[in-house]
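The numbers here are math on the coordinates, done by the rules we state, and not lab data. Model, not experiment: these values are computed from the prediction. Positions of Cβ are backbone-derived with ideal geometry, glycine not excepted, and every protein chain shown enters the neighbour counts.
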């Protein structure tokens, strides 16, 4: 499933991003301080998906 989390740099947003990634969802994080989002996984092998920020 593809999920967009707005406000991903806050506490609740970081938690949602982590849970979504743990459930193997493709997550796009959007927020004022997205660089602070700490839940990151390497891209899966194969064709590159469209860029997300």
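When peptides 19-27, 5-13 are sorted by average Cβ neighbour count within 10 Å, with the highest value leading, the order is 5-13, 19-27. Annotation for residue 15 and residue 30: the two label points, set 7 Å from Cα along the Cα-Cβ direction, are 2.3 nm apart.
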